[in-house]
1. Can you name every residue in segment 85-108 that is aliphatic (A, V, I, L, M) and either open to solvent by 40 Å² or more (accessible area, probe 1.4 Å) or touching a Phe, Trp or Tyr at 6+ places or on another chain (Cβ under 8 Å) (or both)?
2. Looking at segment 259-291, which of the residues that are touching an Asp or Glu at 6+ places or on another chain (Cβ under 8 Å) and farther than 12 Å from LEU234 by Cβ is surrounded by the most Cβ atoms within 10 Å (Cβ to Cβ)?
3. When residues of segment 17-69 are filtered for being small (Gly, Ala, Ser) and exposed (fewer than 15 other Cβ atoms within 10 Å of the Cβ), how many remain?
4. Please pick out the residue among GLY142, GLY147, GLY78 that is open to solvent by less than 30 Å² (accessible area, probe 1.4 Å) and on the phi > 0 side of the Ramachandran plot.
5. Does segment 65-76 contain any residue that is among the β-branched types (Val, Ile, Thr) and over 21 Å from GLN333 (Cβ atoms)?
6. Hey, can you tell me all the residues within segment 153-174 that are part of a strand (DSSP E or B) and farther than 10 Å from LEU84 by Cβ?
7. Can you tell me which residue is nearest to ASP279 (Cα to Cα) among those in segment 234-258 that are within 31 Å of the chain's Cα centre (by Cα), open to solvent by 20 Å² or more (accessible area, probe 1.4 Å) and not aromatic (Phe, Trp, Tyr)?
8. Could you give every pair whose Cβ atoms fall below 9 Å, whose first residue belongs to segment 342-364 and is on the phi > 0 side of the Ramachandran plot, and whose second residue is open to solvent by 10 Å² or more (accessible area, probe 1.4 Å) and assigned to a helix (DSSP H, G or I), counting only separations of at least 6 or pairs across chains?
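The values are calculated or read from the model by the stated rules, or taken from the named source; none is laboratory data. Owing to the predicted nature of the structure, the values given are computational and were not obtained by experimental measurement. Glycine gets a Cβ as well: all are built from the backbone with ideal geometry, and neighbour counts include every protein chain shown. For accessibility, only protein heavy atoms count, side chains too; no ligands or nucleic acids. Shrake-Rupley method; radii C 1.70, N 1.55, O 1.52, S 1.80 Å.
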Amino acid sequence: MGIELNEINWKGLAIAEIKKDSLRTNWKPLWGTQKIYPDNYNGLTIKIKDENLNNCISFLLRMYDEGLAFKYEIETEGIPSLTLKKECTEFNIPDNSQSWVLAHPWGKKYKKEAHVSQIKNASLPLLSKSGKGRYIFITEAGLYNYGSLHLSANKNGSLSADIVGDVDLKPKFYTPWRVIMAADSPVYFVEHSYIIQNLNPLSKIKNTSWIKPGISTWDWRARGAIENGFEYKLNTESMMRFIDKTSELGLPYFMIDAGWYGAEHDKSSDPLTTISNIDLPMIMQRAKEKNVGIWLYVNRVAFEQYDIDTLLSQYKEWGIFGIKLGFLREQNQRGVELLQRVLEKCAAYEIMFDCHESVIPSGIERTWPHFLTREYNHSLMDGSYIASPVDHTITPFLNNVAGPIDVTPGFFDIDK
């Protein structure tokens with residue numbers, strides 16, 4: 001365990017303070033897998049100072065009924081900013097263990113039953129089964145202002161932390177929590193995944209009446225499909241049909257995907273307007289008549305090119321219920337902070353939130369319950385790659401333990 005910083009050479013370290021704390025409570029989520037989540041732990045904080053007494057590193061540990069969590073706190077004096085050199089966290093797992101890891105960012109592509117020595121730059125979570133049939137689960141919680149934690153095998157046979165990208169830090173900062181659970185069955189991790197939310201602050205949204213999870217229809221994979229002679233396209237008539245079908249099904253939401261304001265990756269596309277084939281006022285009127293809430297897909301480029309307040313205030317004026325941030329992709333501090341900025345602004349405008357190719361779920365939906373889900377996995381819309389029994393039996397015990405994710409079914413009729 002430990003943290004190395006470019007601006008500090010730790011020396012003459014000594015324990016300055018040891019504090020214990022505990023919590024015995026429960027809390028009620030706005031939505032989730034249980035009506036009530038228990039939140040019980042015994043905590044230990046070990047504060048260590050270097051010889052000049054100005055720089056401190058603290059190890060914060062919590063033992064929950066469900067597992068162990070720890071993180072680091074750094075406090076410095078006279079240093080205006082810090083940069084991360086290395087996080088020294090290591091996990092010791094027998095090499096003959098069978099591990100399931102995410103071998104691609106954004107929760108895509110599994111490496112199945114891998115030995116520790118085969119694990120390289122793996123995204124979390126990690127699920128591992130020992131030779132004795134015991135399971136462990138490793139992930140992170142409370143990911144803010146830091147890069148995502150990846151794991152790679154090192155020469156001594158353990159798994160070492162590899163923080164994605166450069167990390168700039170304030171003179172006082174916390175890392176995300178590192179979480180370890182152990183059990184005789186991976187079912188335990190599914191049933192007790194709320195430990196990840198427990199490691200996040202309480203909700204910062206006082207009025208939550210506008211946050212209403214529900215199933216959404218979606219036009220992305222229907223474009224080009226032909227039904228009774230009608231071809232679905234990115235146009236107003238197709239959107240109206242989707243709204244009508246959504247209403248007939250008794251579902252609350254319909255999402256219009258990429259292209260409604262132009263080429264999504266083109267910096268010149270204006271997310272405050274629509275293409276000529278899309279009459280948004282007409283679409284919004286039909287949605288209102290049919291009691292269907294509209295979500296809009298908005299590429300990250302739009303949030304980088306335009307003022308976020310300007311965008312969200314316009315979407316609120318249009319009557320949009322939620323947005324899906326597209327192609328976040330970056331697992332580094334920059335991506336994490338962009339996600340956080342948009343998420344906080346969406347809360348201010350009472351707009352629900354989803355994310356495409358997101359950073360790892362880390363329980364922040366406890367703090368921001370309008371963050372309903374994210375694509376942190378391959379989806380059924382990716383066709384034959386994911387539409388297999390093997391993948392569907394891994395996902396619930398790996399990606400999905402970290403938090404709510406989109407599986408986004410796309411095909412019901414193979415001919416179309």
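1. VAL101, LEU102, ALA103
2. Checking each candidate, the answer is ARG286.
3. Result for segment 17-69: 1.
4. GLY142
5. no
6. Hits for segment 153-174 are ALA153, LEU159, SER160, ALA161, ASP162, LYS172, TYR174.
7. Only one residue fits best here, namely LEU234.
8. Listed by first residue and then by second, the contacts come to GLU350/LYS316; GLU357/PRO105; GLU357/TRP106; GLY363/TYR194; GLY363/GLN197.
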